[in-house]
Protein chains: 2
Amino acid sequence: MARKVGRRGGNIVTIHDVARHVGVSPMTVSRVINGEKNVREETRAKVLASVEALNYSPNLAARSLATQDAARVGLLYSNPSVAFLSEFLLGILGESSQAGTQLLIESCDGPEGAAAALEKLKNNGCDGVILSPPLSDSTRVAKTLQDMNLPFVGVAAARPATDICAVSIDDHKAAFAMTRRLIELGHRDIGFIKGHPNAYASQLRFDGFLSAMAKAGLTAEPHLIAQGYFTYRSGFDAAERILSHKQRPTAIFASNDDMAAGAVATAHRMGLDVPDQLTIVGFDDTAMASSVWPELTTVRQPIADMAAASVRLLLEQIRSRRLGREFEPVREVRDFALIERQSSTFTSSGGAISDS
Amino acid sequence: MARKVGRRGGNIVTIHDVARHVGVSPMTVSRVINGEKNVREETRAKVLASVEALNYSPNLAARSLATQDAARVGLLYSNPSVAFLSEFLLGILGESSQAGTQLLIESCDGPEGAAAALEKLKNNGCDGVILSPPLSDSTRVAKTLQDMNLPFVGVAAARPATDICAVSIDDHKAAFAMTRRLIELGHRDIGFIKGHPNAYASQLRFDGFLSAMAKAGLTAEPHLIAQGYFTYRSGFDAAERILSHKQRPTAIFASNDDMAAGAVATAHRMGLDVPDQLTIVGFDDTAMASSVWPELTTVRQPIADMAAASVRLLLEQIRSRRLGREFEPVREVRDFALIERQSSTFTSSGGAISDS
DNA sequence: CTGAAAGCGCTTACAG
DNA sequence: CTGAAAGCGCTTACAG
C-alpha cells in the first residue's frame, strides 16, 4: 500500500497516494472526490476504486484550510432539557463532523443571558450560531444576533418570523392530528393541559386542539381545560383539577410529556387505570415518555433531523455571505409523527362510542 | 486593524497580522500562543496584548494540519439513555472543540453490534474511540478494539480492568455514602432495589449498600431487598413487593433514578406520602430525578467531566502511539456527589430514631 | 531568545 | 478533460 509517514510518524493515505496509485494528478483525484463534472467516466471509476482500495479519506483540516470555509459554528442553548439536548447534539454532531465544521458550545440562562454568551462565541471566531429552544423563539435574541451581524438558525421555533432562518415542525398541525386521533379512538370528552404561557408553542398546541375539536363538532369544555407550566408537578396538579369534576373526561391531552407523566401519577393516585379508564397523551417524545409506565402516546419531533438541517442551513448562509451574496431566510418545516404507546386506547366508558 | 481578505473574501486575523502588529516574526507569536518558554517576558507581553487587541484566535485547521495530530475521535454509544447521552456529548464536545479534534459518532445495539460500528469508525479514519456505558464495561468490545489495534477509553466503566483506560466513579463508595446518609437521617429499616444483573455497577452498588448497613450494625432484611432491571416499571413492581410486607421500611434505596421514580409511583398509589412516610432515593441524577415530584435525592456522577477527561486521555494515548511510545493504561476515578432533594427526610416513624 | 525555510494535505485559479 | 503552480495558516526543525 502506498503509505506515507508523516513528520511525526503517523501513517496517512493522502490524495497524492491515490493519484500515484491511479496514475493521474492529485487534482483529478480532488475533482472526483468532490463530485465535479469534468472528469472522464473511466478515470472517475479508477479513482473511486483506488480510494476504496487504499481506504483513503480526505483530511478535513487540510480541506478547510484550503477552501477557507472552515466555518466555526456556535451552539447556544439554555434550560438544558437533557432529553431534547442529546438528540439535538447528536444531529448537530453528525452533520458537522461530516462537513468538518468546528463546534463551540455555550449555554445561558434564558434569553436574558444570551447576549454575553453570544459575545463570547463571536470573540471565539464563530461564523454563525445555532439556537435551541426557547432561545430560537426569542425576538430579543434574534435582535441581538442581527445587531452583531452574525448569521443564525433557530431550531424548533414556534413563532413564525419571516426574516430569520428556522427549522421547525407545525405545532398546530401536530396537536390537531393528535386530537383527531383521540376522537377516532372514540373520545368525546377530552381534557387539555396547556403549556407554559410564555412559550409560543403552547398557544399553537392549544389552538390545534381547539380546531380539531371544533371540526369534529365537539365542544372543549372549560372545566376540562387547565393551565400547566410544562413541569411534572404542574401536570399532576392540572390533572387533579380536571379529574375532580363530576363529569370526567375519558382522555387528557397534555402539552408535553412531563405534564402527561404527572397526569398519569394523579390518575394512579385516584385509582384510575391508564389507559383503561383514562387515556393520557403527551407531546415531544422525550425520555420521560418512554421511561414512565405505561409508556406515553405522544407526538414526536424529528429533533436530530431538524438539528442537522439547521447546520446545513447555517453553513449555506455563511458561505453566501462570504461570497458576498444575498441569502434569503429559509423556514423549513419538518414532519412530526404520532407515536402510539400504552397510555392511550379506545374509550370503553359509557356515552358516545366512536363509529366514525 | 491588520486584516486580510482571504481568497474567498472572508476576513480573518492570522498569526502574521499579529506578528506585524508587534514587530516580531510569526514564529515568536506561535511560541507565545503555545506557551513555550524561550520568549523574553517583554516580548510575550506585547504579543499577548496584540492577540487581545486584534481579537486573534488561531485557525485550528491550519494548526492540526501542521502538527499532524489532527486526531479523529470516534464515539460509540448504545442504548441511548438520552439523559446520560446529552451530558456525555456536552463534555466530549467541549473538550474536543477546544483541541480541534474531529468527532465521528456511531451507535450500535449493545456489545453484540459493536464490532460492525467499530469497523466503520476505523474505516472512516478514527485514531481512537470513546466508549459510553454499557459498552465501556464489555470485555468483548474491549477485545475487539484491541484486536483492531485501536486505542480507546471507557467512560463510567464499573468493572475494573487493569489493562484499559477508563474514567469512572467508585460505585461501591457512592452507594456506601448514600446508605450512610440514610442511616444518619435515622433510617434503620432500609429497602434496596437492585439494578439489572447484567450490569457490573449493579453489583457494586448493592455491595456498597450492604457494607454500609453492616458497618452501622444493621441487618439488610432479605424481604426488603428486591431485584429490579433499571426500568421504571421494574422499580414500581419491586417497591410493591417490598412495601407489601407488614414491616415496612422507612426508606428505599433504588439503584437508579428510573426505578426510584417507579417506587415513588407505587408509594403514591398506596397512599403513602413521600418523603413524610417513606423516603426514596435513586442513583445517577438523570433528568428523571428532577422531573418527577417530589424531586429525587440521588447520587450524581460528573458525566460531562468524565467525558471531557476521556477525550484528554484518548488524545494522549494517540499521541504517545504516534511518537512510538508506550502508554500506560490509566484509570481515573472522579468524585461523585450526594444530591439531596425532596424525596428524602428524617424518619418520623416509630422505632429507633437516630441520635448518632 | 528569535527568525527564515519548508512542509502539513488539500483546493483555487489558470493553462492547455 | 487534465495538470503545474501557488496558497490556505500554522508548526517543526534547523540556524544563529
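Annotations for the structure displayed:
- Residues of the range B:316-336 that are more than 13 Å from every other protein chain (Cβ to nearest Cβ) and out of contact with any Asp or Glu (no Cβ under 8 Å at 6 or more places or on another chain): B:Glu316, B:Gln317, B:Glu326, B:Glu328, B:Val330, B:Arg331, B:Glu332, B:Asp335.
- Residues in the range B:268-305 that are surrounded by fewer than 22 Cβ atoms within 10 Å (Cβ to Cβ) and out of contact with any helix residue (DSSP H, G or I) (no Cβ under 7 Å at 6 or more places or on another chain): B:Gly271, B:Leu272, B:Asp273, B:Asp276, B:Gln277, B:Ser290, B:Pro294, B:Arg300, B:Pro302.
- When A:Phe176, A:Phe230 are screened for being without any contact (Cβ under 8 Å) to a residue 40 or more places away in the chain, out of contact with any Phe, Trp or Tyr (no Cβ under 6 Å at 6 or more places or on another chain) and crowded, with 23+ Cβ neighbours inside 10 Å, only A:Phe230 passes.
- When each of A:Ala61, A:Ala66 is tested for being closer than 29 Å to B:Tyr77 by Cα, free of Cβ contacts under 8 Å to residues at least 60 places away in the same chain, within 15 Å of DNA strand D (Cβ to nearest atom) and out of contact with any strand residue (DSSP E or B) (no Cβ under 7 Å at 6 or more places or on another chain), the lone residue that passes is A:Ala61.
- Among residues of the range B:32-48, those that are without any contact (Cβ under 8 Å) to a residue 24 or more places away in the chain, within 12 Å of DNA strand D (Cβ to nearest atom) and within 14 Å of B:Ile15 (Cα to Cα), counted: 2
- When A:Ala83, A:Ala70 are checked against the criterion of being under 14 Å from the mean Cα position of the chain (by Cα), crowded, with 21+ Cβ neighbours inside 10 Å and at pLDDT below 85, A:Ala83 stands alone in meeting it.
- Here B:Ser138, B:Ser132 are screened, and the one residue that is surrounded by 23 or more Cβ atoms within 10 Å (Cβ to Cβ) and at pLDDT below 95 is B:Ser132.
- Exactly one residue out of B:Arg72, B:Arg40, B:Arg44, B:Arg140 is of a type outside the set (S, T, N, Q) and touching a Gly at 6+ places or on another chain (Cβ under 7 Å): that is B:Arg72.
- Members of the range A:91-135 found to be away from every other protein chain (no Cβ under 11 Å), in contact with a Leu (Cβ under 9 Å, 6 or more places away or on another chain) and within 20 Å of A:Arg321 (Cβ to Cβ), listed by number: A:Leu118, A:Leu121, A:Gly128, A:Val129, A:Ile130, A:Leu131
- Criterion violated by A:Thr43 - all others in (1) surrounded by 13 or more Cβ atoms within 10 Å (Cβ to Cβ); (2) within 14 Å of another protein chain (Cβ to nearest Cβ) satisfied: (2)
- Every listed requirement among (1) within 10 Å of another protein chain (Cβ to nearest Cβ); (2) at pLDDT below 85; (3) in contact with a helix residue (DSSP H, G or I) (Cβ under 7 Å, 6 or more places away or on another chain) is met by B:Leu75 save one, (2).
- Among the candidates A:Asp109, A:Asp147, residue that is acidic (Asp, Glu) and either crowded, with 21+ Cβ neighbours inside 10 Å or touching a residue at least 12 places away in the same chain (Cβ under 8 Å) (or both): A:Asp109
The values are calculated or read from the model by the stated rules, or taken from the named source; none is laboratory data. Remember, predicted model here, so these are calculated numbers, not experimental data. Every residue, glycine among them, receives a Cβ derived from its backbone with ideal geometry; neighbour counts consider all protein chains shown.
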